[in-house]
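Okay, so here's the structure we're looking at.
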Amino acid sequence: FIVIAQGSGINIDRGNEELLLSMEYLKDVLLLFVGTGDAIPTLKKLALDLNLEERVLFIDRMPYEKMMNYTANADLGISLDKASNLNYLFSLPNKIFDYIHAGIPILASQLPEVSFIINHYQVGNIIEAIEPKEIMKGIENMRSKSKHDWQKALSIASSELTWERESEVLSDFY
C-alpha cells in the first residue's frame with residue numbers, strides 16, 4: 001500500500017512529522033515524500049532514527065509530469081496541513097487537485113477549503129487530529145477500501161475541477 005505526500009511545500013507544521021511517526025504503527029505500507037521543503041532534513045533524520053528508511057522514501061523535486069507518475073501509482077494521497085496560521089488555515093494545496101486528477105483518494109486534515117472539496121466530492125476522508133495514531137487509523141480505514149471504490153467520485157471531481165471550468169468563473173468575476 002503506497003502513501004504519498006508530494007509538493008514543493010513539505011514544510012514544518014504541515015503534518016509530515018506526525019505522518020512519518022505513524023509509520024511505526026503501520027505494516028506493509030510504503031510512504032513516499034516527493035518534493036522539497038524545510039521539513040525534509042528533519043524527516044530524513046527521523047526516518048533513520050526510527051529505522052524506517054526502507055519504508056519511508058524521499059524523492060527529490062522533479063518535473064511535474066514525472067512527479068505525477070509517482071502520484072498515479074500511489075494508493076493514497078496525504079495533505080495534513082495544520083491551522084497554525086491563516087495561510088495554512090484557508091489553503092487549498094495544489095496536491096489536492098493532483099491527487100484527484102491522478103485518481104487516488106485523499107486523507108487530509110480539517111481545513112475548511114480542503115474539507116469542502118473532499119466532502120463535497122466524496123474523494124477521501126478527513127481526520128480530526130494530526131497525531132500519529134489518528135493518522136494511522138485514517139490510513140488503515142482508507143486501506144480497507146480498494147482504490148477502485150473511490151474511482152467514480154474521483155472521476156466526477158476530476159471532470160469538474162479543471163482550469164477550463166474555473167477560468168469561466170474567473171472570467172465572469174472580472
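Computed from point charges on the beta carbon alone (+1 for Lys and Arg, -1 for Asp and Glu), the dipole magnitude for the chain about its Cα centre is near 340 Debye.
As an exercise, identify the GluC sites (Glu not before Pro) in segment 7-71 lying in DSSP coil whose Cβ has no more than 11 other Cβ atoms within 10 Å. Spell out each step's value before the answer.
Values: sites: E17, E18, E24, E53, E54, E65; in loops: E24, E53, E54.
Answer in residue order: E54.
Accessible area of H120 (1.4 Å probe, protein heavy atoms only, ligands and nucleic acids ignored): about 110 Å². One chain, two ends: K44 and L86. Fully extended at 0.36 nm per residue, the span grows by 12.3 nm beyond their Cα-Cα distance.
Calculated from DSSP H runs of 4 or more alone, at -39500 (n - 2.57) each and per residue, what is the 222 nm mean residue ellipticity of the chain, nearest 500?
-13500 deg cm²/dmol
With everything on Cα atoms, drop me the angle between helix 151-160 and the longest principal axis of the chain, reported from 0 to 90° to the nearest 10. Tilt of helix 151-160: around 50 degrees. The long axis of helix 163-173 is offset from the longest Cα principal axis of the chain by roughly 50 degrees.
Kirkwood Rh and Cα-based Rg: tell me the resulting Rg over Rh for the chain, rounded to two decimals. Spell out each step's value before the answer.
Working: Rg = 15.6 Å, Rh = 16.3 Å.
Across the chain, the Cα-based Rg/Rh ratio is 0.96.
A102 sits among other residues whose Cβ lies under 15 Å from its own Cβ, and their net charge, with Lys and Arg +1 and Asp and Glu -1, is 0.
Per-residue SASA remark: S144, around 100 Å² accessible (1.4 Å probe; ligands, DNA and RNA not included).
Accessible-area rank, largest first, for D81, D49: D49, D81, with all protein chains present and a 1.4 angstrom probe. Taking the C-alpha atoms only, the angle from helix 112-121 to the longest principal axis of the chain is near 70 degrees.
Before anything else, pin down the relative contact order of segment 15-119: Cα pairs under 8 Å, at least 6 apart, normalised by residue count, whole percent.
Working: 118 pairs, mean separation 24.7, N = 105.
Computed value for segment 15-119: 23 percent relative contact order.
Estimated at the nearest 10 Å², the accessible area of T36 is 50 Å² with a 1.4 Å probe.
Filter K66/K145; K27/K147; K66/K133; K95/K147; K44/K147 down to the pairs with a C-alpha to C-alpha distance above 21 Å, please.
Values: K66/K145 27 Å; K27/K147 18 Å; K66/K133 32 Å; K95/K147 18 Å; K44/K147 28 Å.
The answer is K66/K145; K66/K133; K44/K147.
One decimal place: the segment E131-D60 gains 23.0 nm when fully extended, by the rule 0.36 nm per residue minus the C-alpha distance. Each of F116, F33 has its accessible area taken with a 1.4 Å probe; listed largest first, they run F116, F33.
The values are calculated or read from the model by the stated rules, or taken from the named source; none is laboratory data. All values reported here derive from a predicted model rather than from experimental measurement. A quick note on method: Cβ atoms are made from the backbone with ideal geometry, for glycine too, and the neighbour counts reach across all protein chains shown. The area values use the complete protein model at the heavy-atom level, side chains included, leaving out ligands, DNA and RNA. Shrake-Rupley method; radii C 1.70, N 1.55, O 1.52, S 1.80 Å.
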